[in-house]
Each structure stands twice: as C-alpha cells, then as structure tokens.
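The values are calculated or read from the model by the stated rules, or taken from the named source; none is laboratory data. Here the structure is a predicted model, which is why all the values come from computation and not from measurement. Here the Cβ positions follow ideal geometry from the backbone for every residue, glycine too, while neighbour counts run over all protein chains shown. Just the protein is used for accessible areas: all its heavy atoms, side chains included, with ligands, DNA and RNA removed. Shrake-Rupley method; radii C 1.70, N 1.55, O 1.52, S 1.80 Å.
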Amino acid sequence: MVSVRDAKPDDVGAMAELFEELDRFYGATEVEPLKLRIRQINEALFSSPPAAHALTAWQNDQLVGLASYSFLWPAVGLTRSLFLKELYVAQTSRRSGVGKLLMQSLFDIATKNHCSRVEWTTDAYNANAQEFYDVIGLRRDPSKIFYRLEGEDLLRAAGGSVESAE
C-alpha cells in the first residue's frame, strides 16, 4: 500500500536519490554530488521561510514518488493558487496509482488552503505525462503560454554578464 505525506527532514536522503533519477529522466548525464543535492533540498523545504513544499509517496520504506509545489498569489481575484512544480514517480512504480494519489493529495491541500485553482505545466515532448493527466480526467488549458529565462540570458536581462556572476 502506498501512503502520501508531507516531506520531513528525515526524508531528504531518499529524496536526493529520487531527484537523481528525475534528473536522468530529463536527460542529465551528470548530476550534482549527493551532499549538494541534500543541502539544496534542506534549504528549499526546511529553511525559514521555505521556498517550496513537497509531498512524498512511500511504499513500505521506499520513496516511490514526490510532488513539489508552492502557493502563488494572486489567482482569481485575490485568492491564491497551488502551483505544482514537479510530479515524479519512480520508474519502478509507474502505472500503479502513485501519481494519482499525489495529485489527489495536492487537490486536498489546495482546497484546505482556500486556493481557487491548481496549476502546472508539462514539457511538450513528455507524452507520458500528458497521457497521465488525460487518463485521470484533467484537461489542458490552451489559454496560457509559458515563458522561461535562464542561464546567460537571465544574467543579460538582469543587466549583468556571465563573467560578473562568477
């Protein structure tokens, strides 16, 4: 049986390992050292204030999935929304209901926190994720266009250069 709960500091080691699998899923050939990933997770989730929140899905003592999210404001009127940044299920646990349990837990959190909506994106090439959302009955919203600025382009937009940031 799979159980879903809020991430705890004791979960960070297992989360760091699952994030390595996630990075490789997205094509990374090299990943950050384990100590660095552990530090980054602790800083993001357990600092004050936290940068994000996470749910973890466990089957016995094995971490089999996670969802990271943040609250955004404003959404409809002056309400807030829950933004799902990452939903990931371990390769060995896919198509077993873990993703659906994580999504239901997120919907419950959004409702309890008076959010007017839950929002997320998926990569255009990630047909499996799109199929998952379709199968569980979640519809796409074609009214939004997603923008991203990163790396050297972000530094230039901020008025700096790559050299000055190092």
Review point. List pairs: first in segment 1-26 and more than 14 Å from Leu102 (Cβ to Cβ), second open to solvent by 50 Å² or more (accessible area, probe 1.4 Å), Cβ under 6 Å, 6+ apart or cross-chain?
Key: Pro9/Phe46; Val12/Ile38; Val12/Asn42; Ala16/Leu34; Ala16/Ile38
Check your understanding: If we keep just the residues of segment 135-161 that are open to solvent by 80 Å² or more (accessible area, probe 1.4 Å) and in a helix (DSSP H, G or I), which is farthest from Val89 (Cα to Cα)?
Key -> Arg156
Exercise for review: Quick one: in segment 8-23, of everything that is more than 14 Å from the chain's Cα centre (by Cα) and acidic (Asp, Glu), which residue is farthest from Ser47 (Cα to Cα)?
Suggested key: Glu17
Study note, to complete from the structure: Taking segment 44-72 and keeping residues in a loop (DSSP other than H, G, I, E, B), out of contact with any strand residue (DSSP E or B) (no Cβ under 7 Å at 6 or more places or on another chain) and farther than 24 Å from Ser96 by Cα leaves Ser47, Ser48, Pro49, Pro50, Ala51
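Say we look at segment 66-93 and pick out the residues that are over 20 Å from Leu45 (Cβ atoms) and without any contact (Cβ under 8 Å) to a residue 12 or more places away in the chain; which of these is surrounded by the most Cβ atoms within 10 Å (Cβ to Cβ)? Let's see the steps before the verdict.
If we filter segment 66-93 for residues that are over 20 Å from Leu45 (Cβ atoms), which is where we start, we get 74-79, 91-93.
Next, only the ones that are without any contact (Cβ under 8 Å) to a residue 12 or more places away in the chain stay: 74, 78.
Details: Pro74: 10, Leu78: 8.
Selected residue: Pro74.
Identify, from the list Glu86, Glu131, the residue that is closer than 20 Å to Asp23 by Cα and of a type in the set (Asp, Glu).
Among Glu86, Glu131, only Glu86 is closer than 20 Å to Asp23 by Cα and of a type in the set (Asp, Glu).
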Practice item. List every residue pair whose Cβ atoms lie under 8 Å apart, where the two residues are 6 or more positions apart in sequence or sit on different chains, the first residue falls within segment 96-122 and is open to solvent by 70 Å² or more (accessible area, probe 1.4 Å), and the second residue, located anywhere, is in a helix (DSSP H, G or I). Key: Arg117/Ala110
Exercise for review: Please tell me if Phe46 is open to solvent by less than 80 Å² (accessible area, probe 1.4 Å) and out of contact with any Leu (no Cβ under 8 Å at 6 or more places or on another chain).
Suggested key: yes
